[in-house]
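Let me begin by presenting the structure, written as structure tokens, before commenting on it.
FYI, it's all coordinate maths here, none of it is from the lab. Every value quoted in this text rests on a predicted model; they were computed, and no experiment measured them. For neighbour counting, all protein chains shown are included, and Cβ atoms are generated from backbone atoms with ideal geometry for every residue, glycine included.
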Amino acid sequence: MSVVTRFPPSPTGMMHIGTARTLLYNWLYARGRGGKVVFRIEDTDRERYDEKHVQALINGVKWMGLDYDGDVISQYERRDRHAAVAHELLAAGKAYYCYCSPEELDVMREKAKAEGKPTFYDRRWRDSSATPPEGVKPVIRIKAPLDGATTLHDHVQGDVTVNNEQLDDMIILRSDGTPVYMLAVVVDDYDMEVTHVIRGDDHLNNTFRQNLIYDAMGWKQPDYAHLPLILGSDGSKMSKRHGAASVEEYRDMGYLPEAMRNYLLRLGWSHGDDEIISDAQALEWFNLDHVVKSPARWDFDKLNHLNAHYIKLADDARLLDLIQPFLPHSIDAAGEKRLMAMMPELKPRAVTLKQIAEEAEFLVKSIPLDMSEGALKHLDDDGKATLGALVTHIAALDIFTAQTLEDTCRQLAKDMRDGKLGKVMMPFRAALTGRDKSPSLFHAAEILGKNETLLRLMAVL
């Protein structure tokens, strides 16, 4: 049997981190077994539908570096098929028309609440021979079992049992003829030959109700795996106050997709003590047996560690492309050349792409530079006196390299600053970069070149 999984988000906003992990697990399970991944937009709620959210989900999948089979499917566009199944159940006696008014349902709800019953609908139209009231458009409800218990075999949660008295005769088709989500998702999964439903454990209770439809239609139920939630570092539900809640936000913070894949993989699943797991290893190793039941907590330190690791491994030209959105303006060929020359030194220092851009920004800025508060502290009268001497010495250099610059600065420190190299380097760094911290100062000056170096020092003077 070929494995088919599905990724069925609702288009109500950006791709949440939990949704991204669900996508990853579905993708790994299917692709690791030569199977298919179906991408379906569950857009039956037209009041909340927004096309920009659909595009955001598609962009999120692309940024994660994952793929899917076929076109993106709209659940809403399949509503006629969903309704047809409801009528098929009706014709087979597995469902029935219900003519209850909203007021009647309110009374039932209050009565059930007072009696402490798990369901409120009293099934009055289930086997009724009463004449339907005139002018009332009925809903269609499915017939749930009235007694006994149902056990769900879940790859993550184990065996879960509920008493059937907790399952109501739920509505599957509204009075206006539109299908409810619970019907639509089952019909879609069946028609798309989904073999494994891998999703958050907040859907666990829904599964028992959805299986009523599978059983009534005589369809084979898929395998289920309900994943634990992702919590914030403080143990509460993941939200913006924990730093970021969507993959787009992490992209904009400068994280690499491969780091995010690795981190989300380990956020609820393990393979021994392995922390850094390549895509190839993930495809080979991932299974549902090692998904844990308990919620996972978000840990920025671990994500940062992984991101730094993958930045070190990344191709320099790729990093150049990725950092450009973090730079203040577009860069020319000369700027690209400078950045590429500095990249081997920038990569080992960086945790995020944004950090690389911030540390390399001085290479592509125009004179005069904006000076940070820390840089200005080193550009007092003593600092400018040092820069004046540096200009004279650098202008006299026939060979302009990192080594000749270092030698020059060391000699100047002996002559002017009691041998304290920092007294020379700090004003030099401030004038050259506009900051009091930077990558290797001498290497940076060599990359900028003699003329640009002198222009930056003179601009400060």
* Structure fact -> Over all viewing directions the Cα convex hull of region 315-364 casts an average projected area in nm² of 2.9
* Give me D for region 156-234 in µm² s⁻¹, whole number, from Stokes-Einstein with Rh from the Kirkwood sum over alpha-carbon pairs, 25 °C and 0.890 mPa s. => 175
* Asked: Leaving out same-chain residues fewer than 8 places away, which aspartates and glutamates sit with a Cα under 13 Å from that of Lys347?
  -> Asp315, Asp316, Glu358, Glu359
* Can you figure out the FRET efficiency of Glu165 with Leu421, using R₀ = 60 Å and their beta-carbon distance, to the nearest 0.05? => 0.15
* What's the local net charge at Asn163, with K and R +1, D and E -1, over the other residues with C-beta under 13 Å away? -> -2
* Describe numerically, in nm with one decimal, the distance between label points set 7 Å from Cα along Cα→Cβ at Tyr214 and at His329. => 6.0
* Assuming R0 = 45 Å, what is the FRET efficiency of Ala402 and Ser2, from their Cβ-Cβ distance, to the nearest 0.05? -> 0.15
* Reachable aspartates and glutamates from Lys137, Cα under 16 Å, same-chain residues fewer than 8 places away excluded? -> Glu103, Glu104, Asp176
* Note, ³J(HN,Hα) from phi for region 356-365, Karplus 6.51, -1.76, 1.60, rounded to Hz, x at Gly and Pro -> 4, 4, 5, 6, 9, 4, 5, 5, 10, 8
* **Ellipticity estimate at 222 nm from DSSP helix runs (n ≥ 4, -39,500 (n - 2.57)) divided over the chain, nearest 500** => -14000 deg cm²/dmol
* Structure fact -> Note: Glu249 to Leu313 extended length (0.36 nm per residue) minus current alpha-carbon separation gives 20.8 nm
* Structure fact -> Computed over the Cα atoms of region 78-155, the Rg and Dmax in Å are 15.1, 49
* Taking a temperature of 25 °C and a viscosity of 0.890 mPa s, what whole-number D in µm²/s does Stokes-Einstein yield for region 310-429 with Rh from Kirkwood over alpha carbon pairs? -> 151
* Cα centroid of region 1-67 to Cα centroid of region 109-142, whole Å -> 36
* Taking H as built 1.01 Å from N, whose amide H comes closer than 5 Å to the amide H of Asp154, not counting residues under 5 places away? -> Asp159, Val160
* With a 10 Å Cβ neighbour count serving as the proxy for reagent exposure, in which order, fewest first, do Tyr97, Tyr29 appear? -> Tyr97, Tyr29
* Structure fact -> So, relative contact order of the chain in percent, Cα under 8 Å, 6 or more apart, is 12
* Can you put Thr404, Thr22 in order of Cβ neighbours within 10 angstrom, beginning with the fewest? => Thr404, Thr22
* **Label-to-label distance, nm, for residues given as Ser440 and Lys94 (7 Å Cα→Cβ offset)** => 7.1
* Asked: If the chain between Val107 and Ala395 were fully stretched, how many nm would it gain, using 0.36 nm times the residue separation less the Cα-Cα distance?
  -> 94.5 nm
* To do: Search the structure for amide H atoms under 5 Å from the amide H of Arg40, placed 1.01 Å from N in the peptide plane, and list their residues when 5 or more places away or on another chain.
  => Phe7, Ile73
* Asked: At Asp45 and Leu229, where each label point lies 7 Å from the Cα along Cα→Cβ, what is the point-to-point distance in nanometres?
  -> 1.7
* Asked: Per the Kirkwood treatment, what hydrodynamic radius in Å, one decimal, follows for region 209-270 from the mean inverse distance over all distinct Cα pairs?
  -> 14.7
* To do: Taking amide H positions as placed in the peptide plane 1.01 Å from N, state which residues far from Leu231 in sequence (5 or more) or on other chains have amide H under 5 Å from it.
  => Ala296, Arg297, Trp298
* Dipole-positive endmost among Leu448, Ala375, Met416 within region 373-460 (Cβ charges, Cα centre) -> Ala375
* **At 1.002 mPa s and 20 °C, Stokes diffusion of region 373-460 via Kirkwood alpha-carbon radius, µm² per second** => 171
* **Environment charge at Asp436 (Cβ cut-off 11 Å; Lys +1, Arg +1, Asp -1, Glu -1)** => +3
* Asked: Going by how many other Cβ atoms sit within 10 Å of their own, how do His271, His196 line up, fewest first?
  -> His271, His196
* Structure fact -> Lys and Arg at +1, Asp and Glu at -1: neighbours of Thr12 with Cβ under 9 Å from its Cβ sum to -1
* Asked: From the residues Gly93, Val156, Thr178, which one has its Cα farthest along the dipole of region 78-184 in the positive direction, the dipole being from +1 and -1 charges on Cβ of Lys/Arg and Asp/Glu about the Cα centre?
  -> Thr178
